[in-house]
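Notes follow the structure.
What follows is calculated from the coordinates using simple rules that are stated; it is not laboratory data. Just so you know, these numbers come straight off a predicted model, no measurement behind them. Heads up, the Cβs are rebuilt from the backbone with ideal geometry, glycines too, and the neighbour counts pull from every protein chain shown.
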Amino acid sequence: MCVHAHPDDESSKGAATMARYVDEGAGVLVVSCTGGERGDVLNPALKGRPEIEENIREIRQAEMAQAQRVLGFQHHWLGFVDSGLPEGDPLPPLPEGCFAVVPLEEPTRALVEVIRRFRPHVVTTYNENGGYPHPDHIRCHEISVAAFEAAGDPEAFPDAGEPWQPLKLYYDVTFTRERVEAFHNALVERGIESPYQEWLANWEERAASMRAPKVTTSVYCADHFDRRDAALLAHATQVDPQGWFFKVPLDVQREVFPWEQFELARSLVDTEIPEDDLFAGIREKARVT
């Protein structure tokens, strides 16, 4: 089960890993906590079009349905309202009733119910910074951790289904310095303009306010990068097809960094770090039992 804040997050964080496990026969469920109703239109070709901005909720649902077809996962809308990304100094208050301000117990219970129904062995989500400090990403982390702990407790939310305890909890890890440097160096060596020069020049400043990820697990998924990109492009309002995310040719990515990375946050099975499989320790346990 992969728990995300908004539609499109699932296609930019761990999507190739999901596609790999789907192809291997695993059940994979994406939970979108919100409908992404307050997300900006980031595709320059679509920006400013009233028919899109006035129907953004329905459009984002259709985009998610297409991404789901590309990657093959199951999907569940948790049903909360996008909080938006506040800007200004001081920051304005978040909208009344949005995901980030409803009492924590409400979305936690909703996620516990989904866990108990789907019965995942592995849950992925964001770290305590949300991957980046969007209020919905931080709240997504909070409810994922709380639901992981509560789902197996028969005294927690007793009306939310039969208890089920997931065995491992991971945080998504996206653009580590190792990955960015690998891409940057590969592009420079091939005489291709790199979009990562400024990233690297300002890395220390950007990293000062963020905890460095503790990468424990690297999943080989190079054969599924094309589906990852197709799924992200399905979220047409949320991504610029000419943007930096698509500047590194797939053959270069497959050669220099053919993995997606994760941080193991909680495990109820024995496993050895570093891992190359989110199910490490679980497969062994299944064979023994």
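Order of 210-221, 115-126 by packing, highest average Cβ count within 10 Å first?
Output ranking for 210-221, 115-126: 115-126, 210-221.
I need the phi-derived Karplus couplings for the range 82-99: 6.51 cos²θ - 1.76 cosθ + 1.60, θ = phi - 60°, integer Hz, Gly and Pro marked x.
3, 8, x, 10, x, 9, x, 9, x, 5, x, x, 6, x, 4, x, 6, 3
Which of HIS76, HIS134, HIS224 moves the most in a Gaussian network model of the chain with Cα springs under 10 Å?
The residue with the greatest mean-square fluctuation here is HIS76.
What ³J(HN,Hα) values, in whole Hz, does the Karplus curve 6.51 cos²θ - 1.76 cosθ + 1.60 give for the range 241-253 when θ = phi - 60°, with x put for Gly and Pro?
Taking θ as phi minus 60°, the curve returns x, 9, x, 5, 4, 9, 7, 9, x, 4, 5, 5, 4 Hz for the range 241-253.
Run the numbers on the range 68-160 and let me know its relative contact order in percent, using alpha-carbon pairs under 8 Å that are six or more apart.
Relative contact order for the range 68-160 comes out at 28 percent.
For LEU167, which sequence-distant residues (separation of 5 or more, or a different chain) have an amide H within less than 5 Å of its own amide H, given hydrogens modelled in the peptide plane?
Amide H neighbours of LEU167, under 5 Å, 5+ apart: VAL122.
Where the centroid of each part is defined by its Cα atoms, how far is the range 260-275 from the range 71-98 in Å?
29 Å
SER83: net charge of surrounding residues, Cβ under 11 Å, Lys/Arg +1, Asp/Glu -1, itself excluded?
After counting each charged neighbour, the total is -2.
Normalised by the residues of the chain, what does the relative contact order come to in percent, with Cα pairs under 8 Å and at least six apart?
This gives 24 percent for the chain.
Over the range 154-289, what is the percentage of antiparallel beta bridges among all DSSP beta bridges, to the nearest 5?
So the antiparallel bridges amount to about 90 percent of the total.
Just to be sure I understand, if you calculate Cα extents along the principal axes in Å for this structure, which of [x] 59, 39, 38; [y] 58, 47, 38; [z] 76, 43, 31 do you get?
For Cα extents along the principal axes in Å, the calculated option is [y].
Return the sequence-ordered ³J(HN,Hα) values of the range 15-25 in whole Hz as given by the Karplus equation 6.51 cos²θ - 1.76 cosθ + 1.60 applied to θ = phi - 60°, using x for Gly and Pro.
5, 5, 5, 4, 4, 4, 5, 4, 5, 7, x
Excluding MET64 itself, what net charge comes from residues whose Cβ is under 14 Å from its Cβ, given Lys and Arg +1 and Asp and Glu -1?
Here the count lands on -4.
Amide H neighbours of HIS75 under 5 Å, at least 5 residues apart or on other chains, H built in the peptide plane: list them.
Residues meeting the criterion, in which the H sits 1.01 Å from N, are VAL30.
In the chain, what % of DSSP beta bridges are antiparallel (nearest 5)?
Close to 40 percent.
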